[in-house]
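J.: There's a structure below that I have some questions on.
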Amino acid sequence: MIWNAIPYCGTPPEPGGAVWNLDPILIAILLGFAAAYYVGYAKRLDPGATRNSALSFAIGWTILTLALISPLCNLSVALFAARVGQHMILALIAAPLIIAGRADIMLARAVKGLSETPNRAEFAIGTIGFALATWIWHMPAPYTATFESHAVYWLMHITMFGTALIVWRVIMRSEPGSMLLASFITGIQMSGIGAILTLAPTALFAVHEATTWPFGLTPLQDQTLGGLIMWVPGGLILTGEVLATLGVYLHRLDRKDREDAALSA
């Protein structure tokens, strides 16, 4: 394990002093991800992909990129609330948009053996894996480790974002029962940890003992704000997206029923 004196996103900034993260390796990976998608789109790797799919991916990729390279990255070194906000943006906004762009379908068609529809293993990995990642990386010891090691920092992002992609694949590609169960489990566990962080009587993260004061927040107030972001806006976003996905599914089911009725008439 390589331990680093300075966190990956830099030293804790003061108000107005947060800087962009222009890590060339990260930027190259993000550009490679976008290029791979649009090569697959141009080659019609997924005939079901439309301009709306490409637009959804583009918006999701842009949000993903900004969450990782914008001053939010640097601000998350100073404020727990900023780190939670970054996680919510990645898991609840960027991830579903990328899945809505059918990036998972393109991957399934490019890699032999991968299924276009989620199976039971993916359901378990997505729901349980995302829950574990959410709880583990918001516990004091693992959270502190992400500030001390670049490798641990990226392990956090890879596990959280990766399992979020699988959760949204389950929600968007499964039948209604699995979709609603996955969304219920995800919503309950996020609300649970959000409530614990919001209602905790003491500050839990020693790494922020001296970094929140320049922003006019005590460490406990910063922690409470982070818990509220996960508990309230996070829950509302998840609920809204699940309802929208269910509405689209029911619309498609209704259209299929009408088409079948027309053919049999």
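The values are calculated or read from the model by the stated rules, or taken from the named source; none is laboratory data. Note that the structure is predicted; figures quoted are calculated from it, not measured. Here Cβ is always computed from backbone atoms with ideal geometry, including for glycine, and neighbour counts include all displayed protein chains.
J.: Tell me, please, whether a residue that is surrounded by fewer than 18 Cβ atoms within 10 Å (Cβ to Cβ) and closer than 27 Å to G187 by Cβ can be found in segment 37-54.
T.: Checked against the condition, which is being surrounded by fewer than 18 Cβ atoms within 10 Å (Cβ to Cβ) and closer than 27 Å to G187 by Cβ, segment 37-54 yields at least one hit.
J.: Moving on to the next point. Return only the number of the condition from (1) modelled with pLDDT of 95 or more; (2) within 20 Å of M172 (Cα to Cα) that M139 does not satisfy.
T.: Here M139 meets the rest and fails (2).
J.: Take V77 and decide whether it is surrounded by 13 or more Cβ atoms within 10 Å (Cβ to Cβ), at pLDDT 95 or above, in a helix (DSSP H, G or I) and in contact with a Pro (Cβ under 6 Å, 6 or more places away or on another chain).
T.: Working: surrounded by 13 or more Cβ atoms within 10 Å (Cβ to Cβ): yes; at pLDDT 95 or above: yes; in a helix (DSSP H, G or I): yes; in contact with a Pro (Cβ under 6 Å, 6 or more places away or on another chain): yes.
Criteria met by V77.
J.: Also, I was wondering about something else. Determine which member of the set L246, L225 is assigned to a helix (DSSP H, G or I) and at pLDDT below 80. I'd like the intermediate steps shown before the answer.
T.: On the way: L225 fails: at pLDDT below 80.
Only one candidate passes the filter, namely L246.
J.: Write out, first by first residue and then by second, each pair whose Cβ atoms fall under 8 Å of each other, whose residues are 6+ apart or on separate chains, and whose first residue, in segment 189-215, is touching a residue at least 40 places away in the same chain (Cβ under 8 Å) while the second is assigned to a loop (DSSP other than H, G, I, E, B) and among the hydrophobic types (A, V, I, L, M, F, W, C).
T.: As it stands, the answer is G194/V232; L197/L204; H208/L79; T211/L79; T212/L79; F215/L79, since those pairs meet every condition given.
J.: For segment 209-222, what are the residues that are within 18 Å of N74 (Cβ to Cβ), out of contact with any helix residue (DSSP H, G or I) (no Cβ under 8 Å at 6 or more places or on another chain) and part of a helix (DSSP H, G or I)?
T.: W213
J.: Only one residue in T117, T144, T127 is surrounded by fewer than 18 Cβ atoms within 10 Å (Cβ to Cβ), part of a helix (DSSP H, G or I) and touching a residue at least 24 places away in the same chain (Cβ under 8 Å), so which one is that? Reasoning before the result, please.
T.: Values: T117 fails: part of a helix (DSSP H, G or I); T127 fails: surrounded by fewer than 18 Cβ atoms within 10 Å (Cβ to Cβ).
Of the residues listed, the single one that is surrounded by fewer than 18 Cβ atoms within 10 Å (Cβ to Cβ), part of a helix (DSSP H, G or I) and touching a residue at least 24 places away in the same chain (Cβ under 8 Å) is T144.
J.: Show the residue pairs meeting these rules: Cβ distance below 9 Å; 6+ apart or different chains; first residue within segment 236-265 and free of Cβ contacts under 8 Å to residues at least 24 places away in the same chain; second residue hydrophobic (A, V, I, L, M, F, W, C) and assigned to a helix (DSSP H, G or I).
T.: Partner pairs satisfying both residue conditions: V248/M172.
J.: Same structure again: If we scan segment 216-236, do we find a residue that is of a type in the set (D, E, K, R) and buried (at least 21 other Cβ atoms within 10 Å of the Cβ)? Break it down stepwise before answering.
T.: Residues of segment 216-236 of a type in the set (D, E, K, R): 222.
This time we only want the ones that are buried (at least 21 other Cβ atoms within 10 Å of the Cβ), so: 222.
Yes, that holds for at least one residue.
J.: While we're looking at this one, here's another question. Among the residues that make up segment 201-208, is at least one of them more than 17 Å from F80 (Cα to Cα), in contact with a Pro (Cβ under 6 Å, 6 or more places away or on another chain) and assigned to a loop (DSSP other than H, G, I, E, B)?
T.: From segment 201-208, those more than 17 Å from F80 (Cα to Cα) are none; that's our starting set.
No, segment 201-208 has no match at all.
J.: A further question on this structure: If I filter segment 43-63 for residues that are farther than 21 Å from Y249 by Cβ, modelled with pLDDT under 95 and in contact with a helix residue (DSSP H, G or I) (Cβ under 8 Å, 6 or more places away or on another chain), do I get at least one hit?
T.: Yes, segment 43-63 contains at least one residue that is farther than 21 Å from Y249 by Cβ, modelled with pLDDT under 95 and in contact with a helix residue (DSSP H, G or I) (Cβ under 8 Å, 6 or more places away or on another chain).
J.: Tell me whether segment 230-240 contains one or more residues that are part of a helix (DSSP H, G or I), closer than 18 Å to P140 by Cβ and within 16 Å of the chain's Cα centre (by Cα). Explain how you work it out, then say what you get.
T.: Within segment 230-240, the subset part of a helix (DSSP H, G or I) is 230-231, 233-240.
Adding the requirement that they be closer than 18 Å to P140 by Cβ leaves 230.
Next, only the ones that are within 16 Å of the chain's Cα centre (by Cα) stay: 230.
Checking segment 230-240: at least one residue is part of a helix (DSSP H, G or I), closer than 18 Å to P140 by Cβ and within 16 Å of the chain's Cα centre (by Cα).
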